[in-house]
1. Among the residues of the stretch 162-183, count how many are surrounded by fewer than 23 Cβ atoms within 10 Å (Cβ to Cβ) and either out of contact with any helix residue (DSSP H, G or I) (no Cβ under 8 Å at 6 or more places or on another chain) or of a type in the set (Gly, Ala, Ser) (or both).
2. State which residue is most open to solvent (accessible area, probe 1.4 Å) when the search covers only the stretch 204-229 and only residues that are over 13 Å from LEU163 (Cβ atoms) and touching a strand residue (DSSP E or B) at 6+ places or on another chain (Cβ under 6 Å).
3. Just one of (1) open to solvent by 20 Å² or more (accessible area, probe 1.4 Å); (2) touching an Asp or Glu at 6+ places or on another chain (Cβ under 7 Å); (3) under 24 Å from LYS250 (Cβ atoms) trips up ASP74, so point out which.
4. Taking VAL232 as meeting all but one of (1) within 23 Å of PHE75 (Cβ to Cβ); (2) at pLDDT below 95, write down the number of the exception.
5. Looking only at the stretch 76-98, filter to residues that are hydrophobic (A, V, I, L, M, F, W, C) and assigned to a loop (DSSP other than H, G, I, E, B); which one of those is nearest to ARG148 (Cα to Cα)?
6. If TRP6 meets every condition in (1) open to solvent by 50 Å² or more (accessible area, probe 1.4 Å); (2) modelled with pLDDT of 85 or more; (3) not polar (S, T, N, Q) apart from one, which number is that one?
7. Quick one: in the stretch 131-158, which of the residues that are open to solvent by 20 Å² or more (accessible area, probe 1.4 Å) and of a type in the set (D, E, K, R) is farthest from MET82 (Cα to Cα)?
Amino acid sequence: STQSTWGMLRTLLRGREITLVHKALMDVSNSKPTITRERRDIYITPRNHKSTLIWLHGLGDSAEGFYDVFASDDFPLVPKDMKVVLLTAPSGSVTINGGMIMNSWYDIYSLGTGGKSGSYSRDDIVDNGKKIAEAIKKEEALLNNNSRRVFIGGFSQGCVMALHVGLSYSKPLGGIVGLSGYLAADVLTESEENKEVPILLSHGALDDLIPISLSRKSYDPLMQRKNIQYEVDPETGHGVGLKTLTCVNKWFQKYANFSSE
């Protein structure tokens, strides 16, 4: 009968609707990155892994400090196919904080020097730089040994370490991001492989912890490079403001857009 035919059709349509809804939910679920915590580090791994960013925090912070920034659905900072590795610095005594034990990439002897030689532990930078370079090698291996798919970045102390490791790395990297830090030039041995690596540097104009004038002066050896972008966030102190986040997002769209490959 017509009624039973319509009944069957409604049942079929309802079943198809349920299937479509289920598929949509599965697609959303499958598109979510996998979050892994190993020791004190955090790995945010997309389903379709095409590149990696290794991110380094500032003094006294940890991998957790930037987790919300990179895991946010509201403001995706990096491409959806980019894995983010949030490393945590080893804990150690920090001279400027009265010898207090805290997460630190290197000891700091005096503040507000903007990378002046003798104001930090060169040995710490070199030693922890080697450990960070090992993390790059691991990500390289996961990306068919394509070092240009690996990026490194950081904030404050993390910026210093990102520049040190990235500029001295033995293979060409995809790029370096440095926020609110400086160049520890007296520790650096630049590699030929990263003479033209894309670099994004940004600093808050109101930074009273690492004055922008000293930070900018430390970058003088880099400013003649052709792939460097330097930004000033006029309303931000020692932190990461919206203008900086927007710049980072656009920079990654330019240099880490591998979605079509």
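1. So the count comes out to 2.
2. GLN229
3. (2)
4. (2) is the only condition that VAL232 fails.
5. Filtering first and then ranking leaves VAL78.
6. (2)
7. LYS131
To keep it simple, each residue is scored yes or no on (1) at pLDDT below 95; (2) assigned to a helix (DSSP H, G or I); (3) of a type in the set (Val, Ile, Thr).
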position: TYR106; (1), (2), (3): no, no, no
position: THR113; (1), (2), (3): yes, no, yes
position: SER117; (1), (2), (3): yes, no, no
position: GLY129; (1), (2), (3): no, yes, no
position: GLU134; (1), (2), (3): no, yes, no
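The values are calculated or read from the model by the stated rules, or taken from the named source; none is laboratory data. If you're wondering where the values come from, they're calculated on a predicted model, not measured in any experiment. No Cβ is skipped: glycine too gets one built from the backbone with ideal geometry, and neighbour counts run over all protein chains shown. We work out accessible area using only protein heavy atoms, side chains counted, and drop any ligands, DNA or RNA first. Shrake-Rupley method; radii C 1.70, N 1.55, O 1.52, S 1.80 Å.
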